[in-house]
Amino acid sequence: MVWALVPVAGMVVVATAAVLIAVIALKGTAARERAHILRAAAELVRAVRGQR
């Protein structure tokens, strides 16, 4: 039963890290730079999850 929760806990950690990275990176940026930052954060999450 506990081993079934390990992937779920991993996904929660990755999602939380992605949100924190986005919030910290977007603080104090211009509107034109936000798209680049969000795209980089999305690529980072994909790399952590192993899809890239």
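The values are calculated or read from the model by the stated rules, or taken from the named source; none is laboratory data. Computed from a prediction, not measured in an experiment: that's the story for all the values here. We place every Cβ from the backbone using ideal geometry, glycine too, and count neighbours over all the protein chains shown. Quick note on the areas: whole protein, heavy atoms, side chains included, nothing else; ligands and nucleic acids left out. Shrake-Rupley method; radii C 1.70, N 1.55, O 1.52, S 1.80 Å.
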When residues of segment 26-52 are limited to those that are part of a helix (DSSP H, G or I) and in contact with a Lys or Arg (Cβ under 9 Å, 6 or more places away or on another chain), the one least open to solvent (accessible area, probe 1.4 Å)
LEU26
Residue hits (segment 27-52; of a type in the set (A, V, I, L, M) and either more than 14 Å from the chain's Cα centre (by Cα) or more than 23 Å from VAL12 (Cβ to Cβ) (or both)) are ALA30, ALA31, ALA35
Segment 1-27 residues that are farther than 15 Å from GLU43 by Cα, paired with ones that are of a type in the set (Lys, Arg) (beta carbon under 8 Å, 6 or more apart):
LEU26/ARG34
